[in-house]
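The values are calculated or read from the model by the stated rules, or taken from the named source; none is laboratory data. In this text, all values refer to a predicted model and were calculated from it rather than measured experimentally. Virtual Cβ from ideal backbone geometry, glycine too; neighbours counted across all protein chains shown.
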Amino acid sequence: MKHHRVLRVAAKLLIPFILLFALYVQFHGDFGPGGGFQAGVIFAAAFILYGLIFGLENARKVAPPALVTRLVALGLLLYAGVGYGGLLRGGNYLDYGVLLENSVAGQHLGILLIEFGVGTTVAATMISIFFLFAGRDT
């Protein structure tokens, strides 16, 4: 795809805005529609667009498959860790109110961490799926 200059320039212009929108959806999920799952898919869409326009090898340099695999596990561990953090503080599993001294601040922190874990796992999983399907020999 080296001869498609318009697509390359358009992708270079769009990808930062796609990533910014994913961050907006991620952090606005506490207050309205959105959250980790939606943000993860949008974030992965930016990497997939990069891979489609600039090639699979360049995409693997930007997001190495070993790192992407670790991010899948890290997001899951963050989600489970927040749940166990509530247990260790004397509450129930995924009881965010006990994470901090102030219950409302604990709820906010818990939801933020949970949504970040979900977003990380979803984005890394979508990128992994893209790498697996795009890298197949036909």
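Remarks
- Number of the exception - G34 against (1) in a helix (DSSP H, G or I); (2) surrounded by 17 or more Cβ atoms within 10 Å (Cβ to Cβ); (3) not polar (S, T, N, Q): (1)
Listed here are the residues, each with its yes/no results for (1) more than 30 Å from V6 (Cβ to Cβ); (2) modelled with pLDDT under 95.
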position	(1), (2)
F27	yes, yes
L56	no, yes
L77	yes, no
G86	yes, yes
S103	yes, yes
I111	yes, yes
F116	yes, yes
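- Criterion applied to L88, L77, L20 was being more than 23 Å from F131 (Cβ to Cβ), under 15 Å from the mean Cα position of the chain (by Cα) and among the aliphatic types (A, V, I, L, M), and the one residue passing it is L20.
For every residue, the table says whether it meets (1) of a type in the set (D, E); (2) farther than 22 Å from V25 by Cβ.
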site	(1), (2)
L56	no, yes
V72	no, no
G91	no, yes
D95	yes, yes
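- Residues in segment 69-100 that are surrounded by fewer than 18 Cβ atoms within 10 Å (Cβ to Cβ) and among the hydroxyl-bearing types (S, T, Y) were compared, and the one that is nearest to I15 (Cα to Cα) is T69.
- Identity of the residue in segment 98-109, within 23 Å of L76 (Cβ to Cβ) and either small (G, A, S) or not in a loop (DSSP other than H, G, I, E, B) (or both), that ends up farthest from the chain's Cα centre (by Cα): V98
- Any hit, segment 6-28, residues being in a loop (DSSP other than H, G, I, E, B) and touching a residue at least 12 places away in the same chain (Cβ under 8 Å): no
- Any hit, segment 38-48, residues being at negative phi and not in a helix (DSSP H, G or I): no
- Selection count where residues are surrounded by 17 or more Cβ atoms within 10 Å (Cβ to Cβ) and more than 17 Å from T125 (Cβ to Cβ), scope segment 51-68: 2
- Just one of the listed residues (L87, L67, L94) is aliphatic (A, V, I, L, M) and not in a helix (DSSP H, G or I), namely L94.
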